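Just below is one structure, and these are the notes that go with it.
The values are calculated or read from the model by the stated rules, or taken from the named source; none is laboratory data. Quantities reported herein were computed from a predicted structural model and do not represent experimental measurements. Positions of Cβ are backbone-derived with ideal geometry, glycine not excepted, and every protein chain shown enters the neighbour counts.
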Amino acid sequence: MEEILDDNLFLGISNSLTGAKWLKTPSDYTPSETQRYAERLTELADVPPAIAYYLAGKGISAETLPQFISPTLRDLLPDPFCMQAVDIAANRLADAVVHQERIGIFGDYDVDGACAAAICSRILTLLGCETEIHIPDRFSEGYGPNITALEALSAKGCSLILTVDCGITAHEPLQAAHAAGMEVIVIDHHLSGPVLPEALCVVNPNRLDDESGLGYLCAAGVCFLVMVAVLRALRERNFTPPSGVLPDLREELDLVALATICDVVPLKALNRAFVKQGLKIMAGRRKAGLNALADIAGMNEAPSPYALGFQLGPRINAGGRLGHSDLGVKLLSFPDAGEAAFIAEELHLLNAKRRDIEASILASAELQAELQLASAPDLPALVISGEGWHEGVIGIVAGRLKDKFNRPSFVIAIDPTTKLGKGSARGVAGIRLGDIIVGAAQRGLVTAGGGHDLAAGLSLTAEQVPSFTEYLQDIVSKNLTDNIQKHYYAAGSLSLAGCTMSLLDWLDKISPFGAAAAEPRFVLTYCQIKNARWMGTEKQHFSCIIDDGTAKPLRAVAFGVTGTPLQDALQKANDGSSVMVLGKLRKDSWRGGENIQFHIEDIATSSTS
């Protein structure tokens, strides 16, 4: 975790009504430097002070602001050949296109894997090649390439196979494929070990010898750059596809944006351009699959990172989670409107089923976590396990536990017959989950695993759980630089008079928000909560009016707070006393209007500091 010091407290709140700290949004500069740069932004670019301080802390100046607001591929797209082995991959793929070879694509069963496979398939198909896609079944095949599936692709006439969003750790199956004479190109973005798998080439900005600086890309982003390189190689050969024109890669930016948001990679540099421009492509509704999914998900507004991450993404993931792993890539490839509607409906129903399964496991997992913390309140990490749990939802449950208890959380589903476990982990800043699991595998504490800093997976036996847990707690405790107290970062304080549509317009300009680009939180000071009521079928949402006397009272909401510390805090604060409310400003377009709404995340009084 980031080190949290008392002089970083925002408005002196060290213990809100939910028990959280409020901290100043981190800055790359000293407070005085940040303030000075913010004042220049306000003076030279007319940026509202609350937004200016947030931008100044990220090093955005009046000179760099235009590109930050409008990131373009023209400005930010690197030479794809800066990545190791792209030249080999591009030229081999160009050969395959020229000779119209059949190409196999082995993907992953999550959103990034589906998007990466769809991008490669769509572009290669438009170039005149036939493609065969295989997405493994999470339960019968597991993650990553397996020799049986690779042999099946080869038997279908695939003279070249791409692995996308997987393959970097698949040493045994790729060695077997090489021995069988198969040509395989690995395109991945997961952390690499010192030894690369045996393949024609490995394109991965996270391989140890890659100096491109593009390790923050998702797999779909890497695939997009590989396809840029392929088109360049084909132009150099004066190749013309059957359609007469080379495909326009910009048409695939909606898929890159979807994968970038759903894989929770940092929204910086090129990723900002991918998302900003991809949302524009998606708004044009050019793909039947995305259109059908958006309609059934109830997306009635322009595409946004929130819609991609919480409406489209979970439905695509639902197929892989519940044993229908190929539905996502089918939806994102070339379905006609009728097929797209059918697949979207199936994914929608699977997502509803996923929610029911998740709720059942989450209730049991939370009980385990509460019992563990009751006996050891300073426990640095949670390891929760259960026999018969559906392994397709344990990643989501791990994320829920991490959010609720503010510490790395591992959830393990154990097969009651074999006693083999599949685990998924979600982490906090400062703890490198992927490295921890790789270290555990090297020590024989788990059978396999790896991943990213904040999300990872593992396999182990039930007998290994205690020793792995002991190892994990030791590693995490040594790397934590602060206690487990939850904290929120605030960009600035506002009166209701400062909550203007102009401020919301500026928030829209500096979006998208996501990993490594958190949406600014603000604090409304010296307020009263009025007209409070609980909403929803189970009264799980909170609605109120916030009034500070400086402007028209503002509508505020807090979603899904039942059973959380915020529920108790809101009930305590609903007594007419003066409070400070922390949260985010949003546009409220309900019933066709255009109003401002405040989304409450925490609350404090002057006595809680």
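What is the residue count in region 480-509 for residues that are in contact with a strand residue (DSSP E or B) (Cβ under 9 Å, 6 or more places away or on another chain) and hydrophobic (A, V, I, L, M, F, W, C)?
Quick first cut of region 480-509, residues in contact with a strand residue (DSSP E or B) (Cβ under 9 Å, 6 or more places away or on another chain) only: 485-496, 498-501, 503-504, 507-508.
Retained after the next criterion (residues that are hydrophobic (A, V, I, L, M, F, W, C)): 490-491, 494, 496, 499, 501, 503-504, 507.
Residues in region 480-509 being in contact with a strand residue (DSSP E or B) (Cβ under 9 Å, 6 or more places away or on another chain) and hydrophobic (A, V, I, L, M, F, W, C): 9 in total.
Restricting to region 60-96, what's the tally of residues that are of a type in the set (Val, Ile, Thr) and touching a strand residue (DSSP E or B) at 6+ places or on another chain (Cβ under 9 Å)?
Residues flagged as of a type in the set (Val, Ile, Thr) and touching a strand residue (DSSP E or B) at 6+ places or on another chain (Cβ under 9 Å) within region 60-96 amount to 2.
Consider region 318-341. How many of its residues are over 24 Å from TYR143 (Cα atoms), of a type in the set (A, V, I, L, M, F, W, C) and surrounded by 14 or more Cβ atoms within 10 Å (Cβ to Cβ)?
Initially, region 318-341 is screened for residues over 24 Å from TYR143 (Cα atoms), giving 334-341.
Remaining after also requiring of a type in the set (A, V, I, L, M, F, W, C): 334, 337, 340-341.
Imposing the further condition that a residue be surrounded by 14 or more Cβ atoms within 10 Å (Cβ to Cβ) reduces the set to 334, 340-341.
Qualifying residue count for the region: 3.
Just for helices (runs of 4 or more DSSP H) wholly inside region 276-365: which have at least 1 residues that are of a type in the set (S, T, N, Q) and either under 23 Å from GLY457 (Cβ atoms) or over 21 Å from the mean Cα position of the chain (by Cα) (or both)?
Values: elements: 288-296, 313-321, 327-332.
Of the helices (runs of 4 or more DSSP H) lying wholly inside region 276-365, those with at least 1 residues that are of a type in the set (S, T, N, Q) and either under 23 Å from GLY457 (Cβ atoms) or over 21 Å from the mean Cα position of the chain (by Cα) (or both) span 288-296, 313-321.
Among PHE559, PHE522, which is under 27 Å from the mean Cα position of the chain (by Cα), within 30 Å of LEU267 (Cα to Cα), surrounded by fewer than 16 Cβ atoms within 10 Å (Cβ to Cβ) and of a type in the set (Phe, Trp, Tyr)? Please lay out each step first, then the result.
On the way: PHE522 fails: surrounded by fewer than 16 Cβ atoms within 10 Å (Cβ to Cβ).
Answer to the selection: PHE559.
Show me the strands (runs of 3 or more DSSP E) found entirely inside region 459-555 where at least 3 residues are under 30 Å from VAL383 (Cα atoms), touching a helix residue (DSSP H, G or I) at 6+ places or on another chain (Cβ under 8 Å) and touching a residue at least 60 places away in the same chain (Cβ under 8 Å).
Values: elements: 487-490, 492-494, 522-535, 541-547.
In region 459-555, no matching strands (runs of 3 or more DSSP E) lie anywhere.
If you go through region 41-79 one residue at a time, how many are in contact with a Leu (Cβ under 6 Å, 6 or more places away or on another chain) and acidic (Asp, Glu)?
Within region 41-79, residues that are in contact with a Leu (Cβ under 6 Å, 6 or more places away or on another chain) and acidic (Asp, Glu) number 0.
Provide a single number: the residues in region 63-106 that are aromatic (Phe, Trp, Tyr) and closer than 21 Å to ARG250 by Cα. It would help to see each step written out before you state the result.
Of all residues in region 63-106, those aromatic (Phe, Trp, Tyr) come to 68, 81, 106.
After this cut, where a residue has to be closer than 21 Å to ARG250 by Cα as well, the list is 68, 81.
The qualifying residues number 2.
Within region 195-240, restricting attention to residues that are among the β-branched types (Val, Ile, Thr) and assigned to a loop (DSSP other than H, G, I, E, B), which residue is surrounded by the fewest Cβ atoms within 10 Å (Cβ to Cβ)? Walk me through how you get there before you give the answer.
Applying the first criterion (among the β-branched types (Val, Ile, Thr)) to region 195-240 yields 195, 202-203, 222, 226, 228, 230, 240.
Narrowing further to those that are assigned to a loop (DSSP other than H, G, I, E, B): 195, 240.
On the way: VAL195: 9, THR240: 13.
So, considering only residues that are among the β-branched types (Val, Ile, Thr) and assigned to a loop (DSSP other than H, G, I, E, B), the one surrounded by the fewest Cβ atoms within 10 Å (Cβ to Cβ) is VAL195.
So, ILE185, is that one without any contact (Cβ under 8 Å) to a residue 40 or more places away in the chain and within 20 Å of ALA118 (Cα to Cα) or not?
Details: without any contact (Cβ under 8 Å) to a residue 40 or more places away in the chain: no; within 20 Å of ALA118 (Cα to Cα): yes.
Taking the combined requirement at face value, the residue does not satisfy it.
In region 454-500, which residues are closer than 22 Å to SER27 by Cα and acidic (Asp, Glu)?
If the condition is that a residue be closer than 22 Å to SER27 by Cα and acidic (Asp, Glu), then ASP482 is the only one that fits.
Taking the criterion of being of a type in the set (Phe, Trp, Tyr), closer than 30 Å to LYS404 by Cα and either in the same structural domain as VAL579 (by TED's automatic domain parsing) or at pLDDT below 95 (or both), would at least one residue in region 43-53 satisfy it?
Just the residues of region 43-53 that are of a type in the set (Phe, Trp, Tyr), to begin with: 53.
Now drop any that are not closer than 30 Å to LYS404 by Cα, which leaves 53.
Cutting the leftovers down to either in the same structural domain as VAL579 (by TED's automatic domain parsing) or at pLDDT below 95 (or both) gives us 53.
The answer is yes; a qualifying residue exists.
Return the total of residues in region 371-413 being of a type in the set (Gly, Ala, Ser), crowded, with 23+ Cβ neighbours inside 10 Å and part of a helix (DSSP H, G or I).
Of the residues in region 371-413, 1 are of a type in the set (Gly, Ala, Ser), crowded, with 23+ Cβ neighbours inside 10 Å and part of a helix (DSSP H, G or I).
With (1) over 18 Å from LEU332 (Cβ atoms); (2) modelled with pLDDT of 95 or more as the list, and GLU132 as the residue in question, which single condition is left unmet?
Going through (1) over 18 Å from LEU332 (Cβ atoms); (2) modelled with pLDDT of 95 or more one by one, GLU132 breaks only (1).
Would you be able to say whether some residue in region 444-454 is touching a residue at least 12 places away in the same chain (Cβ under 8 Å), crowded, with 23+ Cβ neighbours inside 10 Å and either out of contact with any helix residue (DSSP H, G or I) (no Cβ under 6 Å at 6 or more places or on another chain) or of a type in the set (S, T, N, Q) (or both)?
Scanning region 444-454, I find no residue that is touching a residue at least 12 places away in the same chain (Cβ under 8 Å), crowded, with 23+ Cβ neighbours inside 10 Å and either out of contact with any helix residue (DSSP H, G or I) (no Cβ under 6 Å at 6 or more places or on another chain) or of a type in the set (S, T, N, Q) (or both), so the answer is no.
Just to be sure, is VAL98 surrounded by fewer than 22 Cβ atoms within 10 Å (Cβ to Cβ), touching a residue at least 40 places away in the same chain (Cβ under 8 Å) and farther than 25 Å from TYR216 by Cα?
Values: surrounded by fewer than 22 Cβ atoms within 10 Å (Cβ to Cβ): yes; touching a residue at least 40 places away in the same chain (Cβ under 8 Å): yes; farther than 25 Å from TYR216 by Cα: yes.
Yes: the conditions hold for VAL98.
If you check every pair at least six apart or on different chains, which have Cβ atoms under 6 Å apart with a residue in region 565-579 that is part of a strand (DSSP E or B) first and a residue that is modelled with pLDDT under 90 and among the acidic types (Asp, Glu) second?
Once the first residue is part of a strand (DSSP E or B) and sits in region 565-579, no partner that is modelled with pLDDT under 90 and among the acidic types (Asp, Glu) comes close enough.
Of these, ALA302, ALA288, which one is of a type in the set (A, V, I, L, M), modelled with pLDDT of 95 or more and either surrounded by fewer than 17 Cβ atoms within 10 Å (Cβ to Cβ) or not assigned by TED's automatic domain parsing to the domain that holds ASP254 (or both)?
On the way: ALA302 fails: modelled with pLDDT of 95 or more.
Only one candidate passes the filter, namely ALA288.
Are there any helices (runs of 4 or more DSSP H) wholly within region 1-84 with 3 or more residues that are over 16 Å from GLY492 (Cα atoms), and if so which? Before you say what the answer is, go through the steps one by one.
Details: elements: 31-45, 49-57, 65-69, 73-76.
Fully inside region 1-84 and qualifying: 31-45, 65-69, 73-76.
Quickly run through region 85-104 and pick out the residues that are at negative phi and assigned to a loop (DSSP other than H, G, I, E, B). First the steps, then the outcome.
Pass one, region 85-104, residues at negative phi: 86-99, 101-104.
If the condition is that a residue be at negative phi and assigned to a loop (DSSP other than H, G, I, E, B), then HIS99, GLU101 are the ones that fit.
What is the one condition in (1) outside any helix (DSSP H, G or I); (2) without any contact (Cβ under 8 Å) to a residue 60 or more places away in the chain that LYS268 does not satisfy?
With respect to (1) outside any helix (DSSP H, G or I); (2) without any contact (Cβ under 8 Å) to a residue 60 or more places away in the chain, LYS268 is out only on (2).
Mind counting the residues in region 581-596 that are at pLDDT below 95, part of a strand (DSSP E or B) and either among the hydroxyl-bearing types (Ser, Thr, Tyr) or over 17 Å from ASN300 (Cα atoms) (or both)? Full working, then the answer.
Step one: of region 581-596, the residues at pLDDT below 95 are 586-596.
If we keep only those that are part of a strand (DSSP E or B) as well, we get 586-588, 595-596.
From the residues that got through so far, the ones that are either among the hydroxyl-bearing types (Ser, Thr, Tyr) or over 17 Å from ASN300 (Cα atoms) (or both) too are 596.
Residues that pass the stated criteria total 1.
Residues that are among the hydroxyl-bearing types (Ser, Thr, Tyr), assigned to a loop (DSSP other than H, G, I, E, B) and at negative phi: does region 106-126 have at least one?
Residues of region 106-126 among the hydroxyl-bearing types (Ser, Thr, Tyr): 109, 121, 125.
Narrowing further to those that are assigned to a loop (DSSP other than H, G, I, E, B): 109.
Filter once more, keeping what is at negative phi: 109.
Yes, region 106-126 contains at least one residue that is among the hydroxyl-bearing types (Ser, Thr, Tyr), assigned to a loop (DSSP other than H, G, I, E, B) and at negative phi.
Return the residue satisfying two criteria in turn: it lies in region 63-110 and is of a type in the set (Gly, Ala, Ser) and in the same structural domain as GLY167 (by TED's automatic domain parsing), and of such residues it is nearest to THR240 (Cα to Cα). Write out each step before concluding.
Start the filter on region 63-110 by keeping residues that are of a type in the set (Gly, Ala, Ser), which leaves 70, 85, 89-90, 94, 96, 104, 107.
Next cut, in the same structural domain as GLY167 (by TED's automatic domain parsing) only: 85, 89-90, 94, 96, 104, 107.
Numbers: ALA85: 25, ALA89: 20, ALA90: 16, ALA94: 12, ALA96: 14, GLY104: 22, GLY107: 28 Å.
Going through the qualifying residues, I end up with ALA94.
Are any residues in region 414-458 among the basic types (Lys, Arg) and outside any loop (DSSP other than H, G, I, E, B), and if so, which ones? Can you show your working first?
Quick first cut of region 414-458, residues among the basic types (Lys, Arg) only: 419, 422, 426, 432, 443.
Matches in region 414-458: LYS422, ARG426.
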